[in-house]
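The values are calculated or read from the model by the stated rules, or taken from the named source; none is laboratory data. For clarity, every value in this text was computed on a predicted model and none was experimentally measured. Don't worry about glycine lacking a Cβ; one is built from the backbone with ideal geometry, like all the others, and counts go over all protein chains shown.
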Amino acid sequence: MLRAENLAVRRGPCTVLSGITLQLQPGQVLGVLGPNGAGKSTLLGALSGELEAAQGEVYLDQQRLAQWSGSERARRLAVLPQSSTLSFGFLVEEVVAMGRLPHASGAARDMEIIGQALAAADAAHLAGRSYLALSGGERQRVHLARVLAQLWPGVEGQTLLLDEPTSMLDPLHQHTTLQATRTFAEGGAAVMVILHDLNLAARYCDQLLLLDRGQACLLGSPAEVLQAGPLRDVFGLEVLIQQHPERGHPLVIAR
Amino acid sequence: MNLVVKPRPLLIALGVLLLCAFSLSLALGPVSLSLADTAKALLNLLGFPVAGAEQAQLIIEQIRMPRSLLGAAVGCVLALCGVAMQGLFRNPLADPGLVGVSSGAALGAAVAIVGGAMLGGIPAAISPYLLSVCAFAGGLLVTAMVYRLGRRDGVTHVGTMLLAGIALTALAGAAIGLFTYLADDATLRTLTFWNLGSLNGASYPRLWPLLVVTLGVGLWLPRRASALNALLLGESEARHLGIEVERVKRELVLCTALGVGAAVAAAGMIGFIGLVVPHLVRLLAGPDHRLLLPASALAGASLLLFADLLARLVLAPAELPIGIVTALIGAPFFLYLLLRGRA
Amino acid sequence: MGFMNIGIGGFVLSVAAGVMFWGIAQAEPLPQRWVSAGGSISEWVVELGGESKLVGVDTTSQHPAALRELPSIGYQRQLAAEGILALKPDLLLGSDEMGPPPVLAQLQAAGVDIERVSVSPQLPALQANLQRIGQLLGDTKGAQSVFDAYQQRLQRQQQWVSQAQAHEAAPTVLLLLGHSGGSPMAGGVDTSADWLIKQAGGINLASHQGYKALSSEALVGLDPQVIVIADRSLEGEQAKQALLKQNPGLAATRAARHGRLIGLDPTLLVGGLGPRLPDGLAALSAAFYPESQPLTADAKLTP
């Protein structure tokens with residue numbers, strides 16, 4: 001379980017993130033929203049230990065993040081970056097297999113997990129192909145399968161951080177990917193996902209965090225966060241909020 | 001595009017190739033020995049005394065065997081270091097020279113050759129050792145500087161390291177140029193020949209240090225095969241997969257400095273092996289370092305032995321510097337791979 | 001008396017031992033298959049009548065032209081053990097520059113005699129070299145007479161120069177070593193170029209160490225009376241034209257204005273005192289002192 005206390009990050013003289021206190025709940029998906037430059041990726045970097053906190057602490061399972069050894073941490077915390085720069089022709093399943101590096105679960109079990117993770121990311125049909133031959137969206141799903149395999153099957157105490165996992169996906173796969181993430185969270189893992197699409201966030205997240213200029217503006221359920229006032233203040237966007245006719249979650253419509 | 005061969009058959013085939021290369025390297029040379037004499041000499045070498053082939057025994061034991069071992073070790077370690085550097089820089093076109101080890105070694109050699117000549121000549125008995133030690137030390141020193149320049153706040157920035165490598169290579173080039181300017185004609189030729197590499201004059205005392213380093217690098221790098229795979233995803237991804245990225249980078253640079261430094265110290269500059277062999281093997285074996293490393297080691301050793309066979313047979317009784325042969329084989333082959341890949 | 005007896009007895013014994021040793025030394029066969037590394041060394045071997053024994057030479061052995069037909073063992077500092085062994089030589093003759101040392105050790109272990117001779121441009125060194133080569137050829141007398149004749153020619157050269165200097169002032173000279181006229185390097189002090197200029201009676205204007213490229217401006221500033229051109233790829237008139245074309249500044253020097261550009265075979269600059277040296281010196285000095293009657297008939301202002 002990942003917890004941040006009064007977290008602040010500085011880049012040079014600028015404070016790009018401050019006063020973040022938050023706890024990722026097991027079995028829940030936390031969506032992070034905010035305009036460009038609000039500090040979403042910075043938050044993810046600080047929570048994953050990539051960026052040094054100028055103030056505050058990040059705890060993983062009651063222990064400070066920095067105190068975990070590499071592979072111990074990797075078994076509890078997986079991170080999917082916005083884009084990857086892999087430029088070598090690994091096979092798809094080899095890329096996913098890298099998610100099993102921190103584990104010593106044996107080749108047979110690994111193969112099984114790789115297959116399940118690929119299926120979960122709707123990428124099972126890509127097995128056997130060279131990573132370099134895939135489209136951007138296909139690559140994104142392969143990497144999702146990789147981080148899912150890293151925590152598979154996903155139990156309480158584990159955390160998955162996703163930075164815009166749907167940015168390159170077609171509408172169908174935006175939904176299947178986030179549905180897969182939800183399903184994964186139901187096993188007990190805590191998930192944090194950075195999203196730009198407010199309606200996707202409303203539909204698949206249990207909690208939403210609205211960031212504005214490096215500060216937490218609102219933290220709460222989709223119904224609490226997705227309101228015309230805060231969205232106008234943060235995004236500068238005039239919106240109408242309706243209720244989804246079938247599912248009941250808020251629906252954001254630009255005016 | 002996918003020429004991927006199954007690991008076990010590939011390793012077996014490459015092993016057989018190396019065995020062939022080594023046998024040919026022992027059996028062929030400017031002096032033609034009969035098969036019977038060669039066999040007798042080999043039996044002698046293996047500890048079964050057989051009389052009647054003293055000349056063959058001398059040639060095989062004292063000339064061809066150390067030379068073949070040297071060639072195999074140099075090819076093996078250059079190819080391994082090429083793999084390590086291409087992994088570290090996440091670029092299939094990276095070359096061990098990028099971290100400055102080659103230019104540093106060349107500078108060390110220039111200091112030894114030209115400096116020695118200017119100080120009135122180094123006694124012939126120690127000059128080859130002095131040259132090797134200076135080349136090795138130069139390679140280590142420049143690599144250490146490149147590594148140091150690439151570090152900030154306890155993190156090694158590979159991009160900065162690359163640029164520092166280019167800058168220090170240029171600086172070393174200037175220093176070598178200065179020594180070239182100061183050198184007389186004969187010294188200049190020695191320097192030029194050194195820069196083209198040669199396995200000529202291999203002897204056991206000069207072979208052991210390289211064999212030890214090759215063995216060390218050859219045993220260590222495969223332990224980091226998975227880490228190298230993860231590094232290809234990106235440094236932060238590798239960290240998230242639990243890899244101690246800083247330590248791995250340090251080890252890769254150290255292995256390369258030691259490996260290439262020792263190879264260059266023993267045989268001069270031999271280009272293209274570190275670049276072409278991993279590239280070629282990747283086409284056959286795919287990018288997985290668990291297979292790429294051992295396969296490249298075998299292929300590098302074989303390729304260098306074949307190149308050396310050409311080097312000593314083509315112009316016999318004179319010899320072609322082996323660097324010319326490796327570049328002559330390597331460069332067109334490399335172009336072929338590039339053009340074929342594009343089509 | 002007793003003392004004397006013992007003395008005589010000792011004398012007789014030692015004479016006997018000497019004779020025995022002589023016999024053994026004579027019985028040892030002379031090397032029949034020679035490999036020679038070093039331009040002037042190979043030239044001397046041929047000069048002393050040993051051409052038929054040569055089975056291989058290095059790349060610096062270019063004179064006489066017949067040597068180029070022999071198998072080449074490569075550059076003298078980068079000899080290959082097995083390549084040389086393939087020629088089945090009894091003897092490897094070369095200079096101190098021969099190497100690398102591990103290869104020489106391997107050759108020695110394989111039973112090849114290694115003879116090193118000095119290439120310093122000193123007559124005593126040459127005498128020792130010729131004697132050694134003569135011994136190995138089994139003709140020490142012939143070697144001695146060749147040396148005597150050589151020494152005489154050099155002495156006559158000296159005398160000629162001092163006589164010429166009585167009538168004409170010594171010219172200032174630059175020797176430019178180049179390649180098709182490009183980037184010529186002037187031979188400074190401690191070079192064979194400097195030695196040649198002095199022996200031919202000229203004054204070397206270059207005061208630096210070794211061979212260094214001089215800028216056109218520096219060349220004009222030095223304003224030599226004679227320029228000696230040792231071009232590695234062109235000969236004679238072509239070499240002169242190429243040099244003037246690539247270094248237009250040279251046209252302003254006295255040497256160019258008075259047409260005193262002299263070609264020199266660059267191989268005379270390496271390997272110490274070679275057999276062709278006296279001819280080269282005579283030609284040079286004839287060009288340095290045009291008013292004096294040349295020492296040899298063919299020492300005209302050539303090429």
Does residue A:8 qualify as being more than 23 Å from residue A:176 (Cα to Cα), free of Cβ contacts under 8 Å to residues at least 24 places away in the same chain and not in a helix (DSSP H, G or I)? no
If you scan the range B:289-316, which residues turn out to be surrounded by fewer than 24 Cβ atoms within 10 Å (Cβ to Cβ) and either within 14 Å of chain C (Cβ to nearest Cβ) or charged (D, E, K, R) (or both)? B:290, B:309, B:310, B:313, B:314, B:315, B:316
Being of a type outside the set (Ser, Thr, Tyr), surrounded by fewer than 22 Cβ atoms within 10 Å (Cβ to Cβ) and modelled with pLDDT of 95 or more is the requirement here; does residue A:209 meet it? no
Is there any pair linking a residue in the range B:182-204 that is more than 9 Å from chain C (Cβ to nearest Cβ) to one that is among the charged types (D, E, K, R), with Cβ under 8 Å and at least six apart or on different chains, and which? B:199/B:67; B:199/B:308
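So that you can scan it fast, the table gives a plain yes or no per residue for (1) of a type in the set (Gly, Ala, Ser); (2) modelled with pLDDT of 95 or more; (3) not assigned by TED's automatic domain parsing to the domain that holds residue C:210:
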{"residue": "C:92", "(1), (2), (3)": "no, yes, yes"}
{"residue": "C:99", "(1), (2), (3)": "yes, no, yes"}
{"residue": "C:102", "(1), (2), (3)": "no, no, yes"}
{"residue": "C:106", "(1), (2), (3)": "no, no, yes"}
{"residue": "C:126", "(1), (2), (3)": "no, no, yes"}
{"residue": "C:160", "(1), (2), (3)": "no, no, yes"}
Please give the number of the condition residue B:117 fails out of (1) without any contact (Cβ under 8 Å) to a residue 60 or more places away in the chain; (2) surrounded by fewer than 24 Cβ atoms within 10 Å (Cβ to Cβ); (3) small (Gly, Ala, Ser). (1)
With respect to residue B:283, is the statement that it is closer than 29 Å to residue B:332 by Cα, at pLDDT below 90 and within 14 Å of chain A (Cβ to nearest Cβ) true? yes
Which one of these does residue C:265 not meet: (1) more than 30 Å from residue C:129 (Cβ to Cβ); (2) of a type in the set (Asp, Glu); (3) within 26 Å of the chain's Cα centre (by Cα)? (1)
Would you tally the residues in the range B:317-343 being within 11 Å of chain C (Cβ to nearest Cβ) and either of a type in the set (A, V, I, L, M) or more than 16 Å from the chain's Cα centre (by Cα) (or both)? 4
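Picking from B:24, B:69, which residue would you name as being surrounded by 18 or more Cβ atoms within 10 Å (Cβ to Cβ), modelled with pLDDT of 85 or more and assigned to a helix (DSSP H, G or I)?
Numbers: B:24 fails: surrounded by 18 or more Cβ atoms within 10 Å (Cβ to Cβ).
Testing whether each residue is surrounded by 18 or more Cβ atoms within 10 Å (Cβ to Cβ), modelled with pLDDT of 85 or more and assigned to a helix (DSSP H, G or I) leaves just B:69.
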Residue tally, condition buried (at least 21 other Cβ atoms within 10 Å of the Cβ) and at the interface with chain C (Cβ under 10 Å from one of its Cβ atoms), over the range B:27-59: 4
Residue ID - farthest from the chain's Cα centre (by Cα), chosen from residues in the range C:107-124 that are within 13 Å of another protein chain (Cβ to nearest Cβ) and closer than 20 Å to residue C:57 by Cβ: C:110
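Conditions tested, residue by residue: (1) within 28 Å of residue C:150 (Cβ to Cβ); (2) modelled with pLDDT of 85 or more.
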{"position": "C:193", "(1), (2)": "yes, yes"}
{"position": "C:240", "(1), (2)": "no, no"}
{"position": "C:243", "(1), (2)": "no, no"}
{"position": "C:247", "(1), (2)": "no, no"}
{"position": "C:258", "(1), (2)": "no, yes"}
{"position": "C:263", "(1), (2)": "yes, yes"}
{"position": "C:279", "(1), (2)": "yes, yes"}
{"position": "C:296", "(1), (2)": "yes, no"}
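Do we have residue B:248 as in a helix (DSSP H, G or I) and more than 13 Å from chain A (Cβ to nearest Cβ) here?
The answer is no for residue B:248.
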For the range C:195-216, check the following and say yes or no: at least one residue is assigned to a strand (DSSP E or B) and of a type in the set (Lys, Arg). yes
Some residue of the range B:255-278 being in contact with a helix residue (DSSP H, G or I) (Cβ under 6 Å, 6 or more places away or on another chain), β-branched (Val, Ile, Thr), within 14 Å of another protein chain (Cβ to nearest Cβ) and assigned to a helix (DSSP H, G or I): no
Qualifying strands (runs of 3 or more DSSP E) (wholly inside the range C:82-188; at least 1 residues being farther than 30 Å from residue C:254 by Cα and touching a residue at least 60 places away in the same chain (Cβ under 8 Å)): C:91-95, C:113-117
With respect to residue B:323, determine if the residue is more than 14 Å from residue B:277 (Cα to Cα), modelled with pLDDT under 95, assigned to a helix (DSSP H, G or I) and out of contact with any Gly (no Cβ under 9 Å at 6 or more places or on another chain). no
May I ask you to list the residues in the range C:261-294 that are among the acidic types (Asp, Glu) and farther than 19 Å from residue C:167 by Cβ? C:265, C:279
Taking the stated definitions as given, is residue A:69 in contact (Cβ under 8 Å) with a residue 60 or more places away in the chain, within 28 Å of residue B:88 (Cα to Cα) and either surrounded by fewer than 19 Cβ atoms within 10 Å (Cβ to Cβ) or in contact with a strand residue (DSSP E or B) (Cβ under 9 Å, 6 or more places away or on another chain) (or both)? no
Residue match in the range A:183-190 (condition: buried (at least 18 other Cβ atoms within 10 Å of the Cβ), touching a helix residue (DSSP H, G or I) at 6+ places or on another chain (Cβ under 8 Å) and more than 30 Å from residue A:134 (Cβ to Cβ)): no
Hits in the range C:217-237 (condition: surrounded by fewer than 15 Cβ atoms within 10 Å (Cβ to Cβ), part of a helix (DSSP H, G or I) and in contact with a helix residue (DSSP H, G or I) (Cβ under 7 Å, 6 or more places away or on another chain)): C:217
Look through the range C:65-81, keep the residues that are outside any loop (DSSP other than H, G, I, E, B) and within 7 Å of chain B (Cβ to nearest Cβ), and return whichever of them is nearest to the chain's Cα centre (by Cα). C:72
In the range A:39-94, which residue that is more than 30 Å from residue B:291 (Cα to Cα) and among the acidic types (Asp, Glu) is farthest from the other protein chains (Cβ to nearest Cβ)? A:57
